[in-house]
Amino acid sequence: MEISEPQPQQSKLIELSQLPVNPLIFWGVVTVGLVVAVVLILSATGVVVGANWLLLVPVGAYLLIIGFFISYLSKIYRERNRLMVERIRDEQIKIDEFKKLNQDLENYAKQLFDKDFELTLANKRLQSLEQAKSKFVSVTTHQLRTPLSAIKWTFHMLIGENLGKITAEQRNFLQKGYDSTQRIIMIINDLLNVDYIEADKTDYNFLPINLTELVDGIVFEFTNQVESKKIKLIFVKPSNPLPEVAADPVKIGMMLENLIDNAVKYTPDGGRVTISLSDARINSARSSVEVAIADTGIGILPAEKDKIFHRFFRGSNAIQSKPDGSGLGLFIAQDIVEKHGGEIWFESKAGEGTIFHFTLPIFNAETPPK
């Protein structure tokens, strides 16, 4: 904010107000001078002065009246100037105050700018730490989940005496180990869910992935689980090699684990889960590979199909079968697939089973997933 300096006219008024000359005295001197001048002029022209003194009386009186009038106007003018000077001084004081305020505001603005810059840097550091934290949580929990699942189903097989008879005391200790492992797995699942919900597409690391090898490795992780329930887990590999897909292996792996885990969990003992890859869409406008995960489980009720991908939603028959669950698995699966530029859908009949389909785009170094 700029403050204007006092105008030259204002300074002139201040100087005039301080002059010591009395206008009445000044005009009296002028009047006497004029009278003397007139007398001298008349004398110089040879006019008889004595007879014309009477003419000088009204002239002098007129000049005196004019002098008094001018003096009165001068007094008024000086009073006006005095008031103006006082007002100018008051304004000058305000101007000085505004200058000081303006300087203070500039200092505060600079301090705010410095603080804003510091906060921006701190925010960038926090974002960097948050990304590092998310990556650590994602990788660590993903790596913990697989061996813990194997331990859990090993406990399950031991408790079910699939590996031989056990005593009541052994069963009690094994059950405690199974329950503790299950609690840890639930904590890890919660951490994974939070991490994937918060993840932005910029957090994805798209790489050329051999989907057949990725699925084959994940299917192997469920060996103990399907054996304990006597479920047939079948992976139908394509007859011809598939092109690589553009995917984040950690996130796609987590999503596949979740879909297969749901299929095994909600399929009764002696059922069947089939994973298949299809190249039917490779030559389409949006070249992609299709993955299908079919089960012979409880299926999805017709009235609940529209809600199946909603956050925190679980089917009523799923809740009856397995009370524990967050309802985030399919919501996250849809989010991951869509951020890969793919699609996900399902077919289901209640009591007969469900088939989940999703697609992943073929890897193209020049055009990453949108």
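Determine, yes or no, whether Thr267 is more than 38 Å from the chain's Cα centre (by Cα), assigned to a strand (DSSP E or B) and touching a residue at least 12 places away in the same chain (Cβ under 8 Å).
Here the answer is no, as Thr267 does not meet what is asked.
Considering only residues that are closer than 21 Å to Tyr204 by Cα and in contact with a strand residue (DSSP E or B) (Cβ under 7 Å, 6 or more places away or on another chain), look in the range 302-353 and name the one that is surrounded by the most Cβ atoms within 10 Å (Cβ to Cβ).
His340
Between Asn262, Asn283, which is of a type in the set (S, T, N, Q) and within 38 Å of the chain's Cα centre (by Cα)?
Residue meeting the stated conditions: Asn262.
Taking Asn193 as the residue in question, decide whether it is assigned to a helix (DSSP H, G or I), more than 41 Å from the chain's Cα centre (by Cα) and at pLDDT below 80.
Taking the combined requirement at face value, the residue does not satisfy it.
Being modelled with pLDDT of 85 or more, in a helix (DSSP H, G or I) and assigned by TED's automatic domain parsing to the domain that holds Asp261, is that true of even one residue in the range 170-184?
Scanning the range 170-184, I find no residue that is modelled with pLDDT of 85 or more, in a helix (DSSP H, G or I) and assigned by TED's automatic domain parsing to the domain that holds Asp261, so the answer is no.
Give the residues of the range 272-296 that are at pLDDT below 95 and outside any strand (DSSP E or B), sorted by residue number.
Asp279, Ala280, Arg281, Ile282, Asn283, Ser284, Ala285, Arg286, Ser287
Starting from residues that are surrounded by fewer than 21 Cβ atoms within 10 Å (Cβ to Cβ) and acidic (Asp, Glu), keep the ones in the range 213-256 and report whichever is modelled with the lowest pLDDT.
In this case the residue turns out to be Glu221.
So, in the range 320-363, how many residues would count as being basic (Lys, Arg) and more than 27 Å from Ile188 (Cβ to Cβ)?
Final tally of qualifying residues: 1.
For the range 312-334, which residues satisfy the criterion of being part of a loop (DSSP other than H, G, I, E, B) and touching a residue at least 40 places away in the same chain (Cβ under 8 Å)?
Of everything in the range 312-334, those that are part of a loop (DSSP other than H, G, I, E, B) and touching a residue at least 40 places away in the same chain (Cβ under 8 Å) turn out to be Lys322, Asp324, Ser326, Leu328.
Among the residues of the range 110-124, is there at least one that is within 24 Å of Pro249 (Cβ to Cβ), within 38 Å of the chain's Cα centre (by Cα) and either surrounded by 13 or more Cβ atoms within 10 Å (Cβ to Cβ) or of a type in the set (A, V, I, L, M) (or both)?
No.
The values are calculated or read from the model by the stated rules, or taken from the named source; none is laboratory data. These numbers come from a predicted model, not from an experiment. Don't worry about glycine lacking a Cβ; one is built from the backbone with ideal geometry, like all the others, and counts go over all protein chains shown.
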